[in-house]
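Q: Following this message is one structure expressed as structure tokens.
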Amino acid sequence: MIIDVIAGARPNFMKVAALFAVADQFPNIELRLIHTGQHYDANMSEVFFSDLGLPKPIRHLDVGSGSHATQTADVMTRYEQWVMETRPDLTLVVGDVNSTVACAIVAAKLHIPVAHVEAGLRSFDRSMPEEINRVLTDSISDFLFVTEPSGMINLAHEGRPAQAIHMVGHVMIDTLLRMREKAADLVVYQRYGKRPSEYAFLTMHRPANVDDPVQLATIIEQIEWLAQRTAIIFPVHPRTRSRLSDSGLIARLEALDDMYLIDPVGYLEAVCLVDSARMVVTDSGGLQEESSALGVPCLTLRDSTERPITITEGTNTLIADDWDLFRQRVTVILGQGSDHTPSMIPYWDGRAGERILRILSEQLG
């Protein structure tokens, strides 16, 4: 059985690595890694793939950046050509990027079964392009692999058949747990003269935060307040750096003591910095989950989250522009001990990849 495993953006590779890590247990399955090239990332070198235990992609679609319509159309055109030449038995997509929905549509129209990993997550905010991608992908998938109970509920409400829905856990957490020790050995925080729990780890990239000048200025004001209380390590996304520069706000951040504006870091470096942080401040979906798995308090700069279990069972707090809440949580976190207690979220045990391949092996093999 041949399965095309689609990855288009850096977080996708961390997720699919969990499948390749256990592929040897399923000799009737051949995984083919397809790199759409949706995002170019200088950190994704050969070392990146070898660190994750990933093979060299069997096909690189070289799509590159572009508008949502252009990028999605390019992925569809190029993946369709590949499928017509080397028809797989199943197309497996992960997450919610444009490559996810594009390859799912191609496969479905060519009557190839589709498996969606991270199915059922909903923010209920249709202004987010990722939400559109999630809903569309789930509507045409034959296998819906779910990370948390809310996904089961959402898919049932949308009328997806019960036999297609499988609670398996989270492949991103599989990879995180597998790579945690290797990441810790990097002691990245020492580059900035810090020790564990002596800094906050900050990321920010979502258009709702960085493209709105008023919102961006408000967030920077709160970050300045935070910087008066703890050091901040801030890997700056290229989009965010551009907006900060255009608005003149980057100079305010550069003037802060103990503020480290750094280039985006590799996966292992990021895991090291998150694992050793006193807190995480972010608008990233993946970091909400990773910080919960690692037991690091997380303050999410968004109005909604498609990962509610990180709030009910994890370490995440949704700020939603409530800056009084933000300051209260920061004060509490800094006043607590620095020991981190990992969240015990069901199925987040490092075996999601194994569960997914076993289901596919048994039902399609």
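Q: To the nearest 10 degrees, how steep is helix 285-294 against the longest Cα principal axis of the chain, on a 0 to 90 scale?
A: Taking Cα atoms only, the helix is inclined about 80 degrees.
Q: From the P(r) of the stretch 111-270, could you give the percentage of C-alpha pairs in the tail past 23 Å?
A: Counting every Cα pair in the stretch 111-270, those more than 23 Å apart make up 56 percent.
Q: Taking only DSSP H segments of four or more residues, each worth -39500 (n - 2.57), what value at 222 nm results for the chain once the sum is divided by all its residues, to the nearest 500 deg cm²/dmol?
A: Here the helix-only value at 222 nm equals -13500 deg cm²/dmol.
Q: What translational diffusion coefficient, to the nearest whole µm²/s, does the chain have by Stokes-Einstein, given a Kirkwood radius computed over alpha-carbon pairs, a temperature of 10 °C and 1.306 mPa s viscosity?
A: The calculation lands on 76 µm²/s.
Q: Please express the Cα-Cα pair-distance distribution P(r) of the stretch 179-335 as a list of whole percents, one per 5 Å bin, running from 0 to the bin with the greatest distance.
A: 2, 9, 20, 23, 23, 16, 6, 1, 0
Q: Determine, for each peptide in 86-95, 24-33, the mean count of other beta carbons within 10 angstrom over its residues, then list the peptides with the highest first.
A: The densest-packed peptide leads the list: 86-95, 24-33.
Q: If you stretched the chain out fully between A162 and D51, how much longer would it get, using 0.36 nm times the residue separation minus the C-alpha to C-alpha distance?
A: That pair, A162 and D51, stretches by 36.3 nm at full extension.
Q: Using the Kirkwood formula over every pair of different C-alpha atoms, what hydrodynamic radius in Å results for the stretch 72-152?
A: Evaluated on the stretch 72-152, it is 12.7 Å.
Q: In whole Å, largest first, what are the principal axis extents of the Cα atoms in the stretch 1-92?
A: Cα spread of the stretch 1-92 along its principal axes, largest to smallest: 40, 32, 16 Å.
Q: Of G159, V188, N316, which is farthest along the charge dipole of the chain in the positive direction, counting Lys and Arg as +1 and Asp and Glu as -1 at C-beta?
A: The residue sitting farthest along the positive end of the dipole is V188.
Q: Further, regarding this structure: For the stretch 1-150, what is the charge dipole size about the Cα centre, in debye to the nearest 20, if Lys and Arg each add +1 at the Cβ and Asp and Glu each add -1 at the Cβ?
A: 180 debye
No lab work stands behind these numbers, since they all come straight from the coordinates. Only a predicted model underlies this, so the values are computations on that prediction, with no experimental measurement involved. Virtual Cβ from ideal backbone geometry, glycine too; neighbours counted across all protein chains shown.
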